[in-house]
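The values are calculated or read from the model by the stated rules, or taken from the named source; none is laboratory data. Predicted model only: the values in this text are computed from it and were never measured. Glycine gets a Cβ as well: all are built from the backbone with ideal geometry, and neighbour counts include every protein chain shown.
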Amino acid sequence: MTVHFAFGDENGSYQKARSYRFTQRYPYFIRSTLLIRADEWQTLRDRMDALRSTVAATTPSAEIKWAHLWQLKRFENRRERIDPKGHMSFLCNCTFADALQYVEQSLSALHDLKYARVILTVSHNGSCPRINATTRDGTWQHERHLRFVCGRHFAGTKPPSAKRVLYDLS
């Protein structure tokens, strides 16, 4: 039996009761999962360590999120400086182009793996059903996403629904 590692993350904002203003500001809630074989974890880790040792000194020194990229681009467009004591201080010396290149190189490390899958669950906040707190708690999206990830991975034959996308990176 093959053991797999699943790395998950989310982007966007979700509220059980959503106003029109909220759905305009946060139209989507996205949950993602990266699946790789456990025996390939060290290969990926070695590749990332090699990447970190060869990139410019201006490359991010901490985990970079998509939101950081867009904030960095906004700072550049406005010709503003990042506060060296703020939450984005690790990007002080980094340009948007450097950060984006680092992200692209990091993602390309997945191509060296024999098995890599990225599964996205995209929920449109405007049309997603409102959840009654008495019947389900706030983890319903996470549970739905994991059920899809497990079903898609282990069954291997189910087509993705319109709100879920599977990327085969191997």
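Does Ala62 satisfy the condition of being outside any loop (DSSP other than H, G, I, E, B), within 26 Å of Asp46 (Cα to Cα) and in contact with a helix residue (DSSP H, G or I) (Cβ under 7 Å, 6 or more places away or on another chain)? No.
Any idea how many residues of the stretch 54-91 are more than 27 Å from Tyr28 (Cα to Cα) and at pLDDT below 80? Matching residues across the stretch 54-91 total 7. Considered as a group, the residues in the stretch 11-38 that are charged (D, E, K, R) and touching a residue at least 24 places away in the same chain (Cβ under 8 Å) include one that is nearest to Val122 (Cα to Cα), and that residue is Arg31. Counting only residues that are in a helix (DSSP H, G or I), surrounded by 11 or more Cβ atoms within 10 Å (Cβ to Cβ) and of a type in the set (D, E, K, R), which one in the stretch 33-53 is modelled with the lowest pLDDT? Result: Arg52.
So for the stretch 123-144 (the condition being at pLDDT 60 or above, within 27 Å of Asp49 (Cα to Cα), part of a strand (DSSP E or B) and of a type in the set (Gly, Ala, Ser)), does at least one residue qualify? No, there is no match, as no residue in the stretch 123-144 is at pLDDT 60 or above, within 27 Å of Asp49 (Cα to Cα), part of a strand (DSSP E or B) and of a type in the set (Gly, Ala, Ser). Among the residues of the stretch 102-117, is any loosely packed, with under 15 Cβ neighbours inside 10 Å, part of a loop (DSSP other than H, G, I, E, B) and modelled with pLDDT under 85? The answer is no, given that none of the residues of the stretch 102-117 is loosely packed, with under 15 Cβ neighbours inside 10 Å, part of a loop (DSSP other than H, G, I, E, B) and modelled with pLDDT under 85.
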